[in-house]
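Enquirer: I am attaching a structure below and will ask some questions about it afterwards.
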């Protein structure tokens, strides 16, 4: 039987743009161009590599988000994923990680899976906890933050580089896997891939398709709330000197004045 | 008085500094009850009591080391249930390490509570604890709270001072029954990171980082020498790490570590958004870069436009001379 891989991806505001909050304190997604989260490209790449090694595999990319989020799916399809699932519903606006993970878990179960692949974090919220929550919700092993990953004979193996040690992990499928930006550079879509992606199926689902009530998601259904957001005051302009041969000594003088030496 | 559960990050009984900072924050909300798991758990008690823990719940079992994350979630949940039986549990605080965040998140789902990650400050509020967070590469500061269940909050290193606050620190054994999912992910082998003898990057008071301008692995000795003269940790930009010049565990930035030291010295780092995200909350920022247009100079308190191979060794020598 072919290996079913579901890659969870997120459509995020470009980190190089002027990101800010909307009036309701959710992430503003209108004024900054969106794209497939860079960190999710690593997950798509590892899915493609696992599929290449497998004796038959099918890669589904899954996202939860507004209409524009289709761009993220198209990018993943053009990299080589086989099909896409887009969960879109007006009631999803403002959903927190708990609601998003609920929606993803239901959509993953509906799609069917052996491996769920995620990036290490999104580049907008940057919580980095969604894969662990998905594993909890799906009741399958969590094999997360891998810098190296392989799937063989129903087992996922990988290396997790932690703060104090590197660990080799192993779990039986099905499992939730997340990969870091150290797992291997993501490929660029080829022209052929971009053309092929236009013909690949994108299934649209809404909350009722997944048996989720509107109250369980959205800003009202969130389990945490942002009360205020303020732009960090610009740092006051510092002193800049040009090194004329004494730059290091001048810097030492400054550091001594600040009591660092 | 309300109680606050504090998850203890320790290595064989040696409590890591962020946990002591957590105790400072916990005391603003209630009486800290510490939860220490694994080898050396009981040895944490004296330090934790000295910093305000009224009680220390401990458990040790091979599962904590042999399987990933879930056994610790089972144990923290047992501690949560024991502590909340009294009816006055105000929050669960966990250090914002990669593992800490995963433990906290899974606990939050299980107990039906909201979660806030990577708080940089925490104070008591009318509707429960209020957390301060940095957003969008630290361009914004938000204040948030959990609106459902017992707040679960993970807190970044360097978010509060370590304060002595002697408390009873009674040690109690925590009874943990592991669920069937606890052994799902086996840790087949573990290679401890070699100690550099320098402070931990996220905990250090001073961080000295090198970037593309360092131009080679062998040249990082210039950065290390400056770090050692100041007793600092060494960081690296993504460009330097991607080039293979310095280990990824030292990467500062969006996809690496986020640091907030008293002093951050950037050498040969242009200051792209990816890097700024990990360091711009530092108290004092200093940069050396040969490009006067480098964006890093927009952030600095003091900057030197010049060749780092001239400026940094001169700085190192001057520091050594001044320190005698």
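The values are calculated or read from the model by the stated rules, or taken from the named source; none is laboratory data. Since this is a predicted model, take the numbers as computed values, not measurements. Here Cβ is always computed from backbone atoms with ideal geometry, including for glycine, and neighbour counts include all displayed protein chains.
Enquirer: Output the residues belonging to segment A:86-110 that are part of a loop (DSSP other than H, G, I, E, B) and either within 14 Å of chain B (Cβ to nearest Cβ) or free of Cβ contacts under 8 Å to residues at least 24 places away in the same chain (or both). Write out each step before concluding.
Expert: Quick first cut of segment A:86-110, residues part of a loop (DSSP other than H, G, I, E, B) only: A:88-89, A:93-96.
Across segment A:86-110, the qualifying residues are A:94, A:95, A:96.
Enquirer: Take residue B:223 and decide whether it is surrounded by 15 or more Cβ atoms within 10 Å (Cβ to Cβ), touching a residue at least 24 places away in the same chain (Cβ under 8 Å), within 11 Å of another protein chain (Cβ to nearest Cβ) and under 20 Å from residue B:296 (Cα atoms).
Expert: No, not satisfied.
Enquirer: Report yes if some residue within segment B:193-203 is farther than 22 Å from residue B:17 by Cα, in contact with a helix residue (DSSP H, G or I) (Cβ under 9 Å, 6 or more places away or on another chain), part of a loop (DSSP other than H, G, I, E, B) and outside the structural domain of residue B:224 (by TED's automatic domain parsing); otherwise report no.
Expert: No: zero hits.
Enquirer: Now a separate question. So is residue A:224 within 23 Å of the chain's Cα centre (by Cα) and within 9 Å of chain B (Cβ to nearest Cβ) or not?
Expert: For residue A:224, the condition - within 23 Å of the chain's Cα centre (by Cα) and within 9 Å of chain B (Cβ to nearest Cβ) - is met.
Enquirer: Looking at residue B:160, is it assigned by TED's automatic domain parsing to the domain that holds residue B:102, within 20 Å of the chain's Cα centre (by Cα) and in a loop (DSSP other than H, G, I, E, B)?
Expert: Numbers: assigned by TED's automatic domain parsing to the domain that holds residue B:102: yes; within 20 Å of the chain's Cα centre (by Cα): yes; in a loop (DSSP other than H, G, I, E, B): yes.
In short, yes.
Enquirer: Is it the case that residue B:265 is modelled with pLDDT of 95 or more, within 28 Å of the chain's Cα centre (by Cα), within 11 Å of chain A (Cβ to nearest Cβ) and within 13 Å of residue A:248 (Cα to Cα)?
Expert: It is true that residue B:265 is modelled with pLDDT of 95 or more, within 28 Å of the chain's Cα centre (by Cα), within 11 Å of chain A (Cβ to nearest Cβ) and within 13 Å of residue A:248 (Cα to Cα).
Enquirer: Condition first: within 8 Å of another protein chain (Cβ to nearest Cβ), modelled with pLDDT of 95 or more and surrounded by fewer than 17 Cβ atoms within 10 Å (Cβ to Cβ). Can you find one or more residues in segment A:187-203 that meet it?
Expert: No: zero hits.
Enquirer: In this structure, is residue A:56 within 14 Å of chain B (Cβ to nearest Cβ) and either surrounded by fewer than 19 Cβ atoms within 10 Å (Cβ to Cβ) or closer than 16 Å to residue A:104 by Cα (or both)?
Expert: For residue A:56, the condition - within 14 Å of chain B (Cβ to nearest Cβ) and either surrounded by fewer than 19 Cβ atoms within 10 Å (Cβ to Cβ) or closer than 16 Å to residue A:104 by Cα (or both) - is not met.
Enquirer: In this structure, does residue B:44 turn out to be surrounded by fewer than 21 Cβ atoms within 10 Å (Cβ to Cβ) and under 19 Å from the mean Cα position of the chain (by Cα)?
Expert: no
Enquirer: For segment B:229-324, give me every one of the strands (runs of 3 or more DSSP E) that falls completely inside it and has 2 or more residues that are free of Cβ contacts under 8 Å to residues at least 40 places away in the same chain and closer than 29 Å to residue B:194 by Cα.
Expert: Counting at least 2 such residues, we get B:233-236, B:284-289.
Enquirer: Another question, then. Can you name the residue in segment A:121-140 that is farther than 15 Å from residue A:6 by Cα and touching a strand residue (DSSP E or B) at 6+ places or on another chain (Cβ under 7 Å) and is also farthest from the other protein chains (Cβ to nearest Cβ) among such residues?
Expert: A:122
Enquirer: Taking residue B:155 as the residue in question, decide whether it is in contact (Cβ under 8 Å) with a residue 60 or more places away in the chain, away from chain A (no Cβ under 13 Å), surrounded by 18 or more Cβ atoms within 10 Å (Cβ to Cβ) and over 18 Å from the mean Cα position of the chain (by Cα). Walk me through how you get there before you give the answer.
Expert: Numbers: in contact (Cβ under 8 Å) with a residue 60 or more places away in the chain: yes; away from chain A (no Cβ under 13 Å): yes; surrounded by 18 or more Cβ atoms within 10 Å (Cβ to Cβ): yes; over 18 Å from the mean Cα position of the chain (by Cα): no.
Criteria not met by residue B:155.
Enquirer: Which residue is nearest to residue B:156 (Cα to Cα), if the candidates are limited to segment A:142-173 and must be surrounded by 17 or more Cβ atoms within 10 Å (Cβ to Cβ) and modelled with pLDDT under 95?
Expert: A:163
Enquirer: Something else now. Please specify each residue of segment A:250-259 satisfying the condition of being buried (at least 16 other Cβ atoms within 10 Å of the Cβ) and in contact with a helix residue (DSSP H, G or I) (Cβ under 7 Å, 6 or more places away or on another chain).
Expert: A:251, A:252
Enquirer: Then there is this: Report yes if some residue within segment B:101-115 is surrounded by fewer than 24 Cβ atoms within 10 Å (Cβ to Cβ), within 11 Å of chain A (Cβ to nearest Cβ), touching a strand residue (DSSP E or B) at 6+ places or on another chain (Cβ under 8 Å) and under 20 Å from residue A:176 (Cα atoms); otherwise report no.
Expert: Within segment B:101-115 (the criterion being surrounded by fewer than 24 Cβ atoms within 10 Å (Cβ to Cβ), within 11 Å of chain A (Cβ to nearest Cβ), touching a strand residue (DSSP E or B) at 6+ places or on another chain (Cβ under 8 Å) and under 20 Å from residue A:176 (Cα atoms)), the answer is yes, since at least one residue qualifies.
Enquirer: Restricting to segment B:290-324, and then to whatever is more than 7 Å from every other protein chain (Cβ to nearest Cβ), closer than 15 Å to residue A:238 by Cβ and within 28 Å of the chain's Cα centre (by Cα), can you tell me which residue is surrounded by the most Cβ atoms within 10 Å (Cβ to Cβ)?
Expert: Looking at residues that are more than 7 Å from every other protein chain (Cβ to nearest Cβ), closer than 15 Å to residue A:238 by Cβ and within 28 Å of the chain's Cα centre (by Cα), I get B:296.
Enquirer: Then there is this: Inspect all residues belonging to segment B:234-247 and state whether any of them is within 16 Å of the chain's Cα centre (by Cα), over 17 Å from residue A:180 (Cα atoms) and either outside the structural domain of residue B:300 (by TED's automatic domain parsing) or surrounded by fewer than 23 Cβ atoms within 10 Å (Cβ to Cβ) (or both). Don't jump to the end; show me each part of the working.
Expert: Filtering segment B:234-247 down to residues within 16 Å of the chain's Cα centre (by Cα) leaves B:234-235.
Still in the running and over 17 Å from residue A:180 (Cα atoms): B:234-235.
Within this subset, residues satisfying the condition of being either outside the structural domain of residue B:300 (by TED's automatic domain parsing) or surrounded by fewer than 23 Cβ atoms within 10 Å (Cβ to Cβ) (or both) are none.
No: segment B:234-247 contains no residue that is within 16 Å of the chain's Cα centre (by Cα), over 17 Å from residue A:180 (Cα atoms) and either outside the structural domain of residue B:300 (by TED's automatic domain parsing) or surrounded by fewer than 23 Cβ atoms within 10 Å (Cβ to Cβ) (or both).
Enquirer: Moving to a separate point now. Between a residue in segment A:227-256 that is under 17 Å from residue B:267 (Cβ atoms) and more than 7 Å from chain B (Cβ to nearest Cβ) and any residue that is assigned to a loop (DSSP other than H, G, I, E, B) and modelled with pLDDT under 95, which pairs come within a Cβ distance under 8 Å, given they are 6 or more apart or on different chains?
Expert: Close Cβ pairs satisfying both conditions: A:255/A:261.
Enquirer: So is residue B:93 assigned to a strand (DSSP E or B) and more than 14 Å from chain A (Cβ to nearest Cβ) or not?
Expert: Yes, satisfied.
Enquirer: I've got another one for you. Quick one: would you say residue A:36 is surrounded by 24 or more Cβ atoms within 10 Å (Cβ to Cβ) and either farther than 23 Å from residue B:254 by Cβ or free of Cβ contacts under 8 Å to residues at least 24 places away in the same chain (or both)?
Expert: Numbers: surrounded by 24 or more Cβ atoms within 10 Å (Cβ to Cβ): yes; either farther than 23 Å from residue B:254 by Cβ or free of Cβ contacts under 8 Å to residues at least 24 places away in the same chain (or both): no.
For residue A:36, the condition - surrounded by 24 or more Cβ atoms within 10 Å (Cβ to Cβ) and either farther than 23 Å from residue B:254 by Cβ or free of Cβ contacts under 8 Å to residues at least 24 places away in the same chain (or both) - is not met.
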